[in-house]
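Read-outs: derived from the displayed coordinates by stated rules, not from any lab. Quick caveat, the model's predicted, so the values are computed rather than measured. Cβ atoms come from the backbone with ideal geometry, glycine included; neighbour counts cover every protein chain shown.
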Amino acid sequence: MPLFEPSKLPKIDIEPKLISLANGGVDRLRARLVDQIVMSPLPWLLIPAEVQAFFQGHVRRALMFIEGGYDAYLASRGLIVYTCARAIYETFAFVMDFARNLRVILPTAILKR
C-alpha cells in the first residue's frame, strides 16, 4: 500500500507523478530491509556485515522519520513534521559521508588482508 495517498493530501497542485515518485522511493527503501545480518567469526569478513548493519540502521531510521513525519503532517503537527524532515536530511548526509569515506578506506583495508 502506498504511503502517500492523494486523497489525504491538501488540495494544492501536487502532480500525481511526484506522489508516485515519492511512493516509489519509500517502496525502494522498504525493499532494502533485511531480517537478519550474518556475522562471521573471521575478522576480515566482519567488514561487510558491519557495513550492512550500518546501512540497515539508517534505512530503518529514514523510514521511521518519513512515516512519522507524514503521520504528523496528517495530524497537523507542523513542528514534528519539520523536525522529521531535518532528521531525514541529516540521515542522508551522514550516509553519504560514510559512503564517501568508505570508498577511500576500503581499498587499503582489503589490501592489508
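Kindly indicate whether residue 36 is more than 30 Å from residue 73 (Cα to Cα) and assigned to a helix (DSSP H, G or I). When the stated conditions are applied, residue 36 does not pass them. Checking each residue in the stretch 11-38 for being basic (Lys, Arg) and either touching a residue at least 40 places away in the same chain (Cβ under 8 Å) or in contact with a helix residue (DSSP H, G or I) (Cβ under 8 Å, 6 or more places away or on another chain) (or both) picks out 30, 32.
For the stretch 1-33, the set of residues classified as assigned to a loop (DSSP other than H, G, I, E, B) and surrounded by 11 or more Cβ atoms within 10 Å (Cβ to Cβ) consists of 2, 3, 4, 5, 9, 14, 32, listed by residue number. In the stretch 64-113, which residues are free of Cβ contacts under 8 Å to residues at least 40 places away in the same chain and not in a helix (DSSP H, G or I)? 75, 76, 77, 112 - these are the residues of the stretch 64-113 that are free of Cβ contacts under 8 Å to residues at least 40 places away in the same chain and not in a helix (DSSP H, G or I).
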